[in-house]
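What follows is a single structure, written as structure tokens, with notes after it.
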Amino acid sequence: MKTEYFTYIKGGQVNMAQVSRVLLIQLGDIGDVLYTFPCARAVKETRPDIMVAMAVQKKAAGLLACCPWVDEVVIVDKEKRSLFSQVTYQLKFWQRLRRIGFDLAVDLRTSSRGAVMAWLSGARVRVSRYTPCGEMWRNWMFTHMVSPAGPNGKNQYIAEYYHDMLAAYGFATPFLDPKLEVTSGQRARVIELLATIGIGENSPLMALHPFSLWGYKDLSEGKYIDLIGQLQKRFGAEILLVGSQADHASCRRIAEAFDKGVHNLAGSTDLADLGALVSRCSLFIGVDSAGIHIAAAAGTSTVAIYGPSVPETWAPRGENHLVVRKKWECVPCKETGCQRSMRSRCLDELTVDEILEAVQQLAGRKIVQPNVSLDKGLRKDTEESPVLSRNKWKIFIMCH
């Protein structure tokens, strides 16, 4: 079966009138989970009565506390256990998962683990994107497979890529940029955290996320020090260094280059509170990593530093988000550094002035200014208010 936009490879359409419980399986990294928020939103806006659960890796689970369209969270934990403990653990997990009684399971990443989870969930209808090079056993596990023909080809915006598969079965939303809901409790914790380093509620703040999981996406520490010095001179804002606990030592070295005004908060918050923290900032500067996506979803203006990866797919969109990268023919190469060396010349030769030019552009548009966060609902311009479950609740389940 073929339409203008979708090719149904297996199973055809689905009678969504018979669907009341949906499992969205997103076992990718933190950015993948955030860009799946519009999928949950699409389900809720189309059918507010449907219960939506999302399966994610343990490291990304905290982010779902900020997603108003998810009712339950299934946490996939990779913790190592003895053989006996693992077998016992797995049996209990699958029993609990099946008891929820899903009608529809959707694997958003075409992964092997996602296919197994969809099949063992007991869902009557199991949906996935069709890939011609996929394993035959994986295709067998699904009752329905679709091949959306995205309008932008291989560089399709990632949120659109995930959303398209649900749209093929009648769940759609026009709002494809992910949004985080910042709660009053999260905001209160951030106010308390900032107070411990001497920052008041009205102090101007900028955030910098210097490091990713991969060195080939990063600038040198020295370049970050030069950048922060220029930001202080031009804008007079306090600079917050954010990241994971693994980034703490590197961020400390950067902060120690300054007598005042630069604060190392790497590893000081969980994902949900990080969203609240960066929503307090007027600008977020970061490399291609989870932080830049969280900041944009929280409503903060961003300057994203890109090298080998594709900003058309991953960078935040909109007039208050800018990308800085070298305009070279080889960029983006999608490699792990030049000749896979884990270092990228396009980032090594990116200048502080090029980054500052983007910051100045946002300042010229009067976008770089303190944000006012919303306690109820999400930040919005012309968007409709989020559709929430009347009685929101979450169940946390662990599996391998």
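The values are calculated or read from the model by the stated rules, or taken from the named source; none is laboratory data. Given the structure is predicted, the values throughout are model-derived calculations rather than measurements. Neighbour counts are summed over all protein chains in view; Cβ atoms, including those assigned to glycine, are modelled from backbone coordinates with ideal geometry.
General observations
- His163 vs. criteria assigned by TED's automatic domain parsing to the domain that holds Ile50, more than 21 Å from the chain's Cα centre (by Cα) and either over 24 Å from Gly31 (Cα atoms) or not small (Gly, Ala, Ser) (or both): no
- Subset of segment 84-96 [without any contact (Cβ under 8 Å) to a residue 60 or more places away in the chain, under 15 Å from Leu120 (Cβ atoms) and polar (S, T, N, Q)]: Gln95
- Whichever residue in segment 182-204 is outside any helix (DSSP H, G or I) and of a type outside the set (Val, Ile, Thr) and, among such residues, is surrounded by the most Cβ atoms within 10 Å (Cβ to Cβ): Pro204
- Residues of segment 42-70 that are out of contact with any helix residue (DSSP H, G or I) (no Cβ under 9 Å at 6 or more places or on another chain) and charged (D, E, K, R): Lys44, Glu45, Asp49, Lys58.
Listed here are the residues, each with its yes/no results for (1) surrounded by 21 or more Cβ atoms within 10 Å (Cβ to Cβ); (2) over 27 Å from Gly275 (Cα atoms); (3) not charged (D, E, K, R).
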site: Asn15; (1), (2), (3): no, yes, yes
site: Leu24; (1), (2), (3): yes, no, yes
site: Pro48; (1), (2), (3): no, no, yes
site: Ala65; (1), (2), (3): no, no, yes
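- Among the residues making up segment 256-290, those that are farther than 22 Å from Val56 by Cβ and assigned to a loop (DSSP other than H, G, I, E, B) are Glu256, Ala257, Phe258, Asp259, Lys260, Gly261, Leu265, Ala266, Ser268, Arg280, Cys281, Ser282.
- For Val323, the conditions (1) closer than 28 Å to Arg41 by Cα; (2) touching a Gly at 6+ places or on another chain (Cβ under 7 Å) are fulfilled apart from (2).
- Taking segment 205-223 as the range and being more than 20 Å from the chain's Cα centre (by Cα) and part of a loop (DSSP other than H, G, I, E, B) as the test, the residues that pass are Leu219, Ser220.
- Odd one out for Arg99 among (1) of a type outside the set (Phe, Trp, Tyr); (2) closer than 27 Å to Phe175 by Cα; (3) without any contact (Cβ under 8 Å) to a residue 12 or more places away in the chain: (2)
- Inter-residue pairs, beta-carbon under 6 Å, first in the same structural domain as Gly12 (by TED's automatic domain parsing) and closer than 12 Å to Val125 by Cβ and in segment 137-149, second among the small types (Gly, Ala, Ser) and part of a strand (DSSP E or B), 6+ apart: Phe142/Ser128; Met145/Ser128
- Filter result for the condition that a residue is surrounded by 18 or more Cβ atoms within 10 Å (Cβ to Cβ), touching a residue at least 12 places away in the same chain (Cβ under 8 Å) and out of contact with any helix residue (DSSP H, G or I) (no Cβ under 8 Å at 6 or more places or on another chain), over Ala105, Ala118, Ala167, Ala159: Ala118
- Just one of the listed residues (Ser250, Ser282, Ser301, Ser268) is among the polar types (S, T, N, Q), touching a helix residue (DSSP H, G or I) at 6+ places or on another chain (Cβ under 9 Å), outside the structural domain of Ile158 (by TED's automatic domain parsing) and surrounded by 23 or more Cβ atoms within 10 Å (Cβ to Cβ), namely Ser301.
- Among the residues examined, Val43 does not qualify as within 27 Å of the chain's Cα centre (by Cα), modelled with pLDDT of 95 or more, closer than 16 Å to Ala172 by Cα and in a strand (DSSP E or B).
- Filter result for Pro48 (in the same structural domain as Val146 (by TED's automatic domain parsing), in a loop (DSSP other than H, G, I, E, B) and touching a residue at least 24 places away in the same chain (Cβ under 8 Å)): yes
One line per residue, one yes/no per condition, for (1) at pLDDT below 95; (2) under 23 Å from Glu192 (Cβ atoms):
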| position | (1), (2) |
| --- | --- |
| Ala255 | no, yes |
| Ile294 | no, yes |
| Thr300 | no, yes |
| Ser309 | yes, no |
| His321 | no, no |
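- For segment 83-96, the condition holds for at least one residue, the condition being that it is part of a helix (DSSP H, G or I), of a type in the set (D, E, K, R) and either at pLDDT below 95 or within 30 Å of Pro132 (Cα to Cα) (or both).
- Flag for Val70 being assigned to a loop (DSSP other than H, G, I, E, B) and hydrophobic (A, V, I, L, M, F, W, C): yes
- Flag if Met398 is at pLDDT below 90, in a strand (DSSP E or B) and more than 21 Å from Gly229 (Cα to Cα): yes
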